[in-house]
Amino acid sequence: MGFLFFETLERSALSPELRTGILTGGLGAYTTFSTFSLETLVLFENGEAIKAFAYMFSSLFLCVAAAFMGAWVARSI
C-alpha cells in the first residue's frame, strides 16, 4: 500500500482523499482487522498469551514496515 500510495501521489488526477479511500478500501478487501482481532482473542482464550503477543507485534510491526518500505521504493523510482 505504501508503494501504491506514494507512486500515485504525483501521477494521479484523483484527489488525495479519493486515492486514499480507493487504496485503503481495495487493499483492505484482502485482509481484515476483524479477523486479526478474532485470531488474537482465540489465542488468548486458549492460554497462548505469548503466541498472541508475538502475533500482534509481528503483524502490526511488519505491516507498518512494509508500508514504509513501499513508500521508500516509490520515492526512489
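The values are calculated or read from the model by the stated rules, or taken from the named source; none is laboratory data. Please read these numbers as outputs of a predicted model, since none were measured by experiment. Note: ideal-geometry Cβ built from the backbone for every residue, glycine included; neighbour counts use all protein chains shown.
Which condition breaks for G2 when tested against (1) under 11 Å from the mean Cα position of the chain (by Cα); (2) surrounded by 15 or more Cβ atoms within 10 Å (Cβ to Cβ); (3) of a type outside the set (S, T, Y); (4) modelled with pLDDT of 75 or more?
For G2, the exception is condition (4).
Taking only pairs six or more apart or across chains, which ones have beta-carbon atoms under 9 Å, a first residue in the stretch 53-70 that is over 20 Å from L4 (Cβ atoms) and touching a residue at least 60 places away in the same chain (Cβ under 8 Å), and a second residue that is in a helix (DSSP H, G or I) and among the polar types (S, T, N, Q)?
So the pair list comes out empty.
Residues being modelled with pLDDT under 90, part of a helix (DSSP H, G or I) and over 15 Å from the mean Cα position of the chain (by Cα): count how many of those fall in the stretch 55-77.
Total satisfying the criteria: 3.
Looking only at the stretch 22-54, filter to residues that are of a type in the set (S, T, Y) and in a loop (DSSP other than H, G, I, E, B); which one of those is modelled with the highest pLDDT?
T32
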